[in-house]
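The values are calculated or read from the model by the stated rules, or taken from the named source; none is laboratory data. For clarity, every value in this text was computed on a predicted model and none was experimentally measured. Heads up, the Cβs are rebuilt from the backbone with ideal geometry, glycines too, and the neighbour counts pull from every protein chain shown. Note: accessible area is taken over every heavy atom of the protein model, side chains too, but ligands, DNA and RNA are not part of it. Shrake-Rupley method; radii C 1.70, N 1.55, O 1.52, S 1.80 Å.
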Amino acid sequence: MKATFECKDLGMACDFKAEAGSKDELMPKIVEHAKTAHGMETIDEEMKGKVVSAIKVL
Ligand SMILES: [Zn+2]
């Protein structure tokens, strides 16, 4: 299984893409990117929901 995420799917002008073996492995990578690239110190539940729905599981 493979889970992928692209920032642009959230409407961000950002080329960041991440992939991992599962959603659970992918989530920390996205959180780290959100902090370093987008200055989001915390991911609230609403944002988390958007991120989760943007993740594609192949
Ligand atoms: Zn981004």
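Can you pull out every residue in region 29-58 that is in a loop (DSSP other than H, G, I, E, B), of a type outside the set (S, T, N, Q) and more than 10 Å from the chain's Cα centre (by Cα)?
GLY39, MET40, GLU41, ILE43, ASP44, LEU58
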- [ ] Please work out which residue is surrounded by the most Cβ atoms within 10 Å (Cβ to Cβ), limiting yourself to region 1-28 and to residues that are within 11 Å of the ligand (Cβ to nearest atom) and assigned to a helix (DSSP H, G or I).
- [x] CYS7
- [ ] Report, by residue number, each residue of region 33-58 that is touching a strand residue (DSSP E or B) at 6+ places or on another chain (Cβ under 9 Å) and either among the charged types (D, E, K, R) or open to solvent by 40 Å² or more (accessible area, probe 1.4 Å) (or both).
- [x] LYS56, VAL57, LEU58
- [ ] Go through THR36, THR42 for me and flag whichever is at pLDDT 95 or above and polar (S, T, N, Q).
- [x] THR36
